[in-house]
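> Structure incoming, see below.
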Amino acid sequence: MTTPVLICDDSSFARKQMQRSIPDGWDVDISFAEHGEQALEMIRAGKAEVMFLDLNMPVLDGYQTMQVIKEEDLPVMVIVVSGDVQPEARKRMLEMGAIEFIRKPTDNAKLAEILSQFGLYSGDTSASKRAESVAPVAKESKSDKLDAYREMANVAMGQAGESLATLLGEFIDLPIPNVNLITNTELHMAIADIQRNESVSAVSQGFISAGINGEALVIFNDSNFANMVKLLKYKQDDSNVKSLELEALMDVSNILIGACLRALSTQLHSVFSHNHPIILGQHCDLDDILKSTSHRTNDMLAIEIAYSIKSQNINFDLLLLFPKKSIDLMFEKLVTTTF
């Protein structure tokens, strides 16, 4: 008997990855939704008995979607497939009724184990035929490329969030990564919009592998430092406030950048070496920070991730910048790995 399956994710690249992971022998009719609102309409119409649900989406995210499913007691088994792998994210979704939680990118063995555990499918786990049937990503399409980069960033963002949540003991709210091909002038405008009217501090760290290089920037509003120092449980007194702020800036930057680069290394099958982090400025105007950025090419890939800890009123941004010569190679590596 055919099982109606719904894959709900705002990324076409991610939807195709998930589709390619479903075992050939599982008799399914696969549908797709780009956000929770679409998914709920399809569930109510009887088009999904099993749903693979992302968390970070526009319109209606995974948490909101799961809450509606719970409130309306909709007849669907939900397996979360997300880049946000914080223990608190898993706990929240399971409490609302999801049956399991899978880390992106999908592990076929883990998926097969879950399907068997819940009596959905227990046959041959090979997905080679289904993978061959999935249309490849258009290599010349700008929108497809940006979508692939966004999904790459989503996975990296989630792993960095997990590392930071472990360090701080707080839930990290993760956004949809903002990914664009921009000029250096547009970069200045974008960062200025992120951090308007604020005194900021920032750290930069360069990284490189075979054919791919980039720069990571962590930008803090100075108003966040007091709460961050408290979360990090540093011993403090009036005499060492400045040194603790610097230590907090470096510790958080190392966690975010390190975890992101490890995730990028896995996805791109490249090993990145890191330069030493550089303090671009403390308690200064944003223009002073921007003068210190190393990328001066006309075109670059900019990935902006606005992390927040809402319980502590803390916000900070991670910006990953890749020059034009690295962009196409990254896309080729992503597509080769997936398709």
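The values are calculated or read from the model by the stated rules, or taken from the named source; none is laboratory data. Being a predicted model, the structure only gives us computed values, none of them experimental. Positions of Cβ are generated from backbone atoms using ideal geometry, with glycine treated the same way; all protein chains shown enter the neighbour counts.
> Tell me the residue from Ile22, Ile43, Ile7 that is farther than 13 Å from Ile69 by Cα, among the β-branched types (Val, Ile, Thr) and more than 18 Å from the chain's Cα centre (by Cα), please.
Testing whether each residue is farther than 13 Å from Ile69 by Cα, among the β-branched types (Val, Ile, Thr) and more than 18 Å from the chain's Cα centre (by Cα) leaves just Ile22.
> Tell me, which residue of region 6-44 that is touching a Gly at 6+ places or on another chain (Cβ under 8 Å) and not hydrophobic (A, V, I, L, M, F, W, C) is farthest from Val80 (Cα to Cα)?
That would be Gly25.
> Also: Within region 22-55, how many residues turn out to be surrounded by fewer than 22 Cβ atoms within 10 Å (Cβ to Cβ) and under 14 Å from Asp9 (Cβ atoms)?
Qualifying residue count for the region: 8.
> Hey, another quick one. Of the residues Ala156, Ala148, Ala160, Ala165, which is outside the structural domain of Met42 (by TED's automatic domain parsing), more than 30 Å from Leu231 (Cβ to Cβ), within 17 Å of the chain's Cα centre (by Cα) and surrounded by 15 or more Cβ atoms within 10 Å (Cβ to Cβ)?
Being outside the structural domain of Met42 (by TED's automatic domain parsing), more than 30 Å from Leu231 (Cβ to Cβ), within 17 Å of the chain's Cα centre (by Cα) and surrounded by 15 or more Cβ atoms within 10 Å (Cβ to Cβ) holds for just one of Ala156, Ala148, Ala160, Ala165, which is Ala148.
> With the condition kept exactly as written, say whether any residue in region 191-199 is closer than 28 Å to Val271 by Cβ and out of contact with any Phe, Trp or Tyr (no Cβ under 8 Å at 6 or more places or on another chain).
No, region 191-199 has no match at all.
> Give me the residue from region 120-141 that is basic (Lys, Arg) and part of a helix (DSSP H, G or I) and, out of that set, nearest to Glu88 (Cα to Cα).
Top of the filtered list is Arg130.
> Given (1) in a loop (DSSP other than H, G, I, E, B); (2) more than 30 Å from Phe331 (Cα to Cα), where does Pro105 come up short, assuming only one miss?
Of everything listed in (1) in a loop (DSSP other than H, G, I, E, B); (2) more than 30 Å from Phe331 (Cα to Cα), Pro105 misses just condition (2).
> Filter region 272-304 down to the residues that are closer than 15 Å to Leu321 by Cα, modelled with pLDDT of 65 or more and among the polar types (S, T, N, Q), then identify the one that is surrounded by the fewest Cβ atoms within 10 Å (Cβ to Cβ).
Asn298
> Right, something else. In region 142-197, what residues are at pLDDT 90 or above, among the β-branched types (Val, Ile, Thr) and in a helix (DSSP H, G or I)?
Val155, Thr166
> Working only within region 233-247, note down all residues that are within 22 Å of Leu280 (Cα to Cα) and modelled with pLDDT under 90.
Those that are within 22 Å of Leu280 (Cα to Cα) and modelled with pLDDT under 90: Asn240, Val241, Lys242, Ser243, Leu244, Glu245, Leu246.
> Do the conditions hold for Asp29, that is, is it more than 17 Å from the chain's Cα centre (by Cα), modelled with pLDDT of 95 or more and on the phi > 0 side of the Ramachandran plot?
In short, no.
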